[in-house]
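The values are calculated or read from the model by the stated rules, or taken from the named source; none is laboratory data. Note that the structure is a prediction, hence the values are computed from the model and not measured. Don't worry about glycine lacking a Cβ; one is built from the backbone with ideal geometry, like all the others, and counts go over all protein chains shown.
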Amino acid sequence: MREVKGGGRIGLEFEGMARLGRIRHVFSTRDREGGGNLALSRGDLESALAERAFWSDWIGVSERAWVVGGAAHGNQIAVVAQGDCGLGATEPDTAIPGTDGLLTTQADVPLFLPVADCAAVLLYAGGESPGLGLVHAGWRGLASNVLAAAVDELCRLTNCSPQEIFAGISPCIGPANFEVGDDVRSAAPENRQILMGSAWHVDLAGWAFEQLSDSGLSSELIECSGLDTVEREDLFFSHRRDGESAGRNGLLAVLA
């Protein structure tokens, strides 16, 4: 990912998809004082709404038009359209429940996904009928093949092949900080399990990359940020580092 600066803040974007000029997107970061939470259900509601307004201006959408999914760490995918704009935008109770993936084929429908150590995956299918997707990819979602489900549905919606899809994997917890128990280890692919000393760790971003590749995406069209949310306290919130009180960064994207 590359840094884009504006308004005294840093936004991150996937270089390959930014060059396409067909979508506008940003992965948010914290402000200089450590604020910048985007989740309406955590902390000061007014501050979170102000943050949403800031990043909406960044990519040129209305903060009242956001479509937000209520992540359930599963593999449920929702296809949304203009009529869904505003769900979860200003009130957390209106977010689409039980949904870990949002897809749309309509322009000007801004999709948003909050995360704090899990990966947010951006999908884009071009061609005559372009489509956009945001997927919440924590270990439980990956274990239930949430990315494979999203790719299948995006291909159906856009009549494209997986080889035509661009993907970006956001900053997430890195393998050095993702020490896991037997439940997580047994769910992860063997080649994404790493023994460090006497403890097992999992490469979450690598697991997401592998699931996308196994779903038919070309490795050349998958971009991984390589940034660890636990290590970069200056940029990101982290549930593993900060506990239950952790705020949320997020990925915001819209078809141009």
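Which residue is farthest from the chain's Cα centre (by Cα), if the candidates are limited to the range 123-168 and must be closer than 24 Å to Phe237 by Cα and assigned to a helix (DSSP H, G or I)? Per the stated criteria, the residue is Ala143. Close contacts from the range 179-194, counting a first residue that is within 18 Å of Val230 (Cβ to Cβ) and a second that is exposed (fewer than 15 other Cβ atoms within 10 Å of the Cβ) and aliphatic (A, V, I, L, M), with Cβ to Cβ under 9 Å and a gap of 6+ residues or different chains, come to Glu179/Met196; Glu179/Ala199; Val180/Ala199; Ile194/Ala176.
For the range 120-128, indicate whether the set of residues that are among the β-branched types (Val, Ile, Thr) and surrounded by fewer than 24 Cβ atoms within 10 Å (Cβ to Cβ) is non-empty. There is no residue in the range 120-128 that is among the β-branched types (Val, Ile, Thr) and surrounded by fewer than 24 Cβ atoms within 10 Å (Cβ to Cβ). Scanning the range 71-122 for residues that are in a strand (DSSP E or B) and without any contact (Cβ under 8 Å) to a residue 40 or more places away in the chain turns up Ala78, Ile96, Leu102.
Among the residues of the range 118-146, count how many are out of contact with any Gly (no Cβ under 8 Å at 6 or more places or on another chain), of a type outside the set (Gly, Ala, Ser) and at pLDDT 95 or above. First the steps, then the outcome.
Filtering the range 118-146 for residues out of contact with any Gly (no Cβ under 8 Å at 6 or more places or on another chain) gives 126-132, 137-139, 142-143, 145.
With the extra rule that they be of a type outside the set (Gly, Ala, Ser), the set shrinks to 128, 130, 132, 139, 142, 145.
Retained after the next criterion (residues that are at pLDDT 95 or above): 130, 132, 139, 142, 145.
The qualifying residues number 5.
Are any of the residues in the range 181-195 surrounded by 21 or more Cβ atoms within 10 Å (Cβ to Cβ), outside any loop (DSSP other than H, G, I, E, B) and of a type in the set (S, T, N, Q)? No: the range 181-195 contains no residue that is surrounded by 21 or more Cβ atoms within 10 Å (Cβ to Cβ), outside any loop (DSSP other than H, G, I, E, B) and of a type in the set (S, T, N, Q).
Applying a threshold of 6 Å to beta carbon distances and a minimum spacing of six or more residues, or different chains, the list of pairs starting in the range 53-69 at a residue that is in contact (Cβ under 8 Å) with a residue 24 or more places away in the chain and among the hydroxyl-bearing types (Ser, Thr, Tyr) and ending at one that is buried (at least 17 other Cβ atoms within 10 Å of the Cβ) and not in a strand (DSSP E or B) reads Ser56/Glu63.
Residue by residue, here is whether (1) of a type in the set (Lys, Arg); (2) under 18 Å from the mean Cα position of the chain (by Cα); (3) within 17 Å of Val135 (Cβ to Cβ) holds:
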| site | (1), (2), (3) |
| --- | --- |
| Glu3 | no, yes, no |
| Phe27 | no, yes, yes |
| Glu33 | no, no, no |
| Ser56 | no, yes, no |
| Gly70 | no, yes, yes |
| Val79 | no, yes, yes |
| Leu103 | no, yes, yes |
